[in-house]
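Notes follow the structure.
The values are calculated or read from the model by the stated rules, or taken from the named source; none is laboratory data. What you see is a predicted model, and the numbers here were worked out from it, not measured in a lab. Positions of Cβ are backbone-derived with ideal geometry, glycine not excepted, and every protein chain shown enters the neighbour counts.
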Amino acid sequence: MAQIVDSFGSPVTIKNAQVASWVAEMVALTKPDHVVLCDGSEAEKQRLTEIAVAAGVLIPLDQQKLPGCYLHRSNPNDVARVENLTFICTPTKAEAGSTNNWMAPDEAYAKLAKLFDGAHTGRTMYVVPYVMGPIGSSLSKVGVEVTDSVYVVLNMRIMTRMGRQALDMLGESNDFNRGLHSVLDCNPDRRFICHFPQDNTIWSVGSGYGGNVLLGKKCLALRVGSYLGKKEGWLAEHMLILGVESPEGEMTYVAAAFPSACGKTNFAMMIPPKRFKGWKIWTVGDDIAWMRVGDDGRLYAINPEAGYFGVAPGTSYKSNPNAMKTVLKDTIFTNVALTADGDVWWEGKDGEVPDELTDWQGRPWKKGSTEKAAHPNARFTAPASNNPVKSKFADDPEGVPISAIIFGGRRATTIPLVMQAFNWTNGVFMGATLGSETTAAATGKVGVVRRDPMAMLPFCGYDMGEYFAHWLEMQSEIAYPPKVFLVNWFRQKDGKFLWPGFGENMRVLKWVVDRARLRVGGQETPFGWVPKAGDLDLSGLDISSEQVDAATSIDLDEWRLELESQGEFFEATGPTMPRALKLQRELLLARIESMHGKWSVG
Ligand code: OXD
Ligand code: MN
């Protein structure tokens, strides 16, 4: 077997016997020429960056303007997560549930072992120990990813707490996620992302795209994490975490789940409008929350990640000034366009569109071209420490206490700007029935409502009905459950958005915080509490009261259709759909019937 060395070629040993024997097993399978154990040091980063630049994997950007920043161009066939090639390999199909692709574990191991056999030959295998979550937190988890991609190593270094610190935290324990990755020949026909939750194992082959290969993120923190959460009594969720600070210094933490293309990173880094002088938003996380009940009966959340893997197109000083500041140094850009002077560009970036660019595939591009210069799913990988509004509690091993949970989707009709659930069960129902309209960014028909419960449809590692049951069961553990809300920034009338969004969402967030702290009014509707006229602070906002009324209105006919569509999803979920949620739906239908089609918010 190739000797294990550090990135400078000096021999090293892996002290943890379980890690060492598993790495040896993987080496025997993939047969690399070299095996490098990553320590996470600055010197190692420099060395691996040089290797990546020499191999053409990274292109240096203008180091004066963007110090430590590089561009990566992926294979054009490998630019996004591949839900159709993502499998949950539980012992039975029923455990994976109706919303996941399933393969029997034996079959999956055998099929992928054939692909992995000799996959690292002629290459270096990097052994990447990492921690998801703050070092020393009881909520954190250790993983080890072996990969033949230096791009993966440098991204893992940003997105996780990587290197020696992870092996130190693991000690002699066997409790670590085993992640095996090879880009292989990047052929979609030989691409599989397989999760073995019962073995705490992930095998990913044939892709180099972040969501498929940074195994700590979607694969461990959500798919395997959600399974571990059910088993161990905690929640792994596709949620941002933010702190709202009032001018008096009172801090309230909110976790929020939105499907993709709904502005999650923007919301997590929001700058409140002028009217909210003295209010501040602090980012704890922009994508994933791990939540556990604390000794005081409150729900505490950590962000398992250490960086942001954000969508570049549409990010600007208007939509997200803090993200723009975050990507000014030590950032890896993937599939964005390149300017002649070594800067990056993407559709929706501030300023004039440059006359000439090199597009995301490395081809010359001219202003006015019908093709996009940056790929619509072009990304930045940036350290959270660059974020000017990173919460000082983001690395707190205890996590932050969550007072409110928000579920949000992109809906042109039906769902009001904001609505508060009556109680925990009703809140779980709101999350379980979350829907969002498909956008042009994804393949398929545009504007169709796809149910994306808790924004977890592509990320839940087990049966969805069991997952809802876990959420319901959590109530018995949480003495002080967070208040639950549904929001919709995307309601339309005559094809126009009714609500301005972005920083103005602070107005909604303030109502959420005040409701969670039981100090503002609301109007009861058949479906939840909404703000009464005057409850939302709209001062300094240049939109008509009719527009606000339309954004917050409830239409019984639209809701009847909504409940029918929810019913189809409940059916499809199958026999594990909890009775408490079915009854919630029936209760709402019965309410509509008893009102004989009449309802108006006062
Ligand atoms: C992501 C996603 O990349 O949800 O965060 O796809
Ligand atoms: Mn996400």
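Key figures
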{"read-out": "Matching entry among R507, R560 (being out of contact with any His (no Cβ under 7 Å at 6 or more places or on another chain), surrounded by fewer than 17 Cβ atoms within 10 Å (Cβ to Cβ) and not in a loop (DSSP other than H, G, I, E, B))", "value": "R560"}
{"read-out": "Verdict on K493 being of a type in the set (K, R), under 19 Å from D286 (Cβ atoms), surrounded by fewer than 24 Cβ atoms within 10 Å (Cβ to Cβ) and out of contact with any Gly (no Cβ under 6 Å at 6 or more places or on another chain)", "value": "no"}
{"read-out": "Residues that are over 20 Å from the mean Cα position of the chain (by Cα) and surrounded by 24 or more Cβ atoms within 10 Å (Cβ to Cβ), drawn from the stretch 401-418", "value": "I415, L417, V418"}
{"read-out": "Search result, residues across the stretch 210-236 that are charged (D, E, K, R) and within 10 Å of ligand 1 (Cβ to nearest atom)", "value": "K217, K218"}
{"read-out": "Residue count for the stretch 201-224, restricted to those that are under 15 Å from V144 (Cα atoms) and either over 12 Å from the mean Cα position of the chain (by Cα) or away from ligand 2 (no atom under 12 Å from the Cβ) (or both)", "value": "11"}
{"read-out": "Hits in the stretch 361-400 (condition: of a type in the set (G, A, S), crowded, with 22+ Cβ neighbours inside 10 Å and over 23 Å from Y70 (Cα atoms))", "value": "S391, A394, G399"}
{"read-out": "Selection count, the stretch 577-602, where residues are surrounded by fewer than 16 Cβ atoms within 10 Å (Cβ to Cβ) and polar (S, T, N, Q)", "value": "2"}
{"read-out": "Candidate set: the stretch 360-380, residues that are of a type in the set (K, R) and more than 16 Å from ligand 2 (Cβ to nearest atom); chosen: the one farthest from G348 (Cα to Cα)", "value": "R363"}
{"read-out": "Restricting the stretch 207-249 to residues that are hydroxyl-bearing (S, T, Y) and not assigned by TED's automatic domain parsing to the domain that holds I406, the residue that is surrounded by the most Cβ atoms within 10 Å (Cβ to Cβ)", "value": "S207"}
{"read-out": "Residue in the stretch 297-305 that is within 16 Å of ligand 1 (Cβ to nearest atom) and closer than 16 Å to G210 by Cβ present", "value": "yes"}
{"read-out": "Selected residue [outside the structural domain of I288 (by TED's automatic domain parsing), within 16 Å of ligand 2 (Cβ to nearest atom) and closer than 20 Å to W22 by Cβ] from T160, T147", "value": "T160"}
{"read-out": "Residue in the stretch 252-260 that is of a type in the set (F, W, Y), more than 16 Å from ligand 1 (Cβ to nearest atom) and assigned by TED's automatic domain parsing to the domain that holds Y462 present", "value": "yes"}
{"read-out": "Qualifying residue in the stretch 263-273 (condition: part of a loop (DSSP other than H, G, I, E, B), surrounded by fewer than 24 Cβ atoms within 10 Å (Cβ to Cβ) and within 16 Å of ligand 2 (Cβ to nearest atom))", "value": "yes"}
{"read-out": "Qualifying residue in the stretch 174-182 (condition: among the basic types (K, R), modelled with pLDDT of 95 or more and touching a strand residue (DSSP E or B) at 6+ places or on another chain (Cβ under 7 Å))", "value": "yes"}
{"read-out": "Filter result (more than 13 Å from ligand 2 (Cβ to nearest atom) and under 14 Å from M456 (Cα atoms)) within the stretch 231-254", "value": "L235"}
{"read-out": "Filtered residues of the stretch 249-276 (kept if within 22 Å of D452 (Cβ to Cβ) and of a type in the set (S, T, Y))", "value": "S260, T265"}
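Here's the yes/no breakdown for (1) touching a Phe, Trp or Tyr at 6+ places or on another chain (Cβ under 8 Å); (2) closer than 22 Å to K493 by Cβ; (3) not small (G, A, S):
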position	(1), (2), (3)
D514	no, no, yes
E524	no, no, yes
A533	no, yes, no
T552	no, yes, yes
D557	no, yes, yes
R560	no, yes, yes
P578	yes, no, yes
G597	no, yes, no
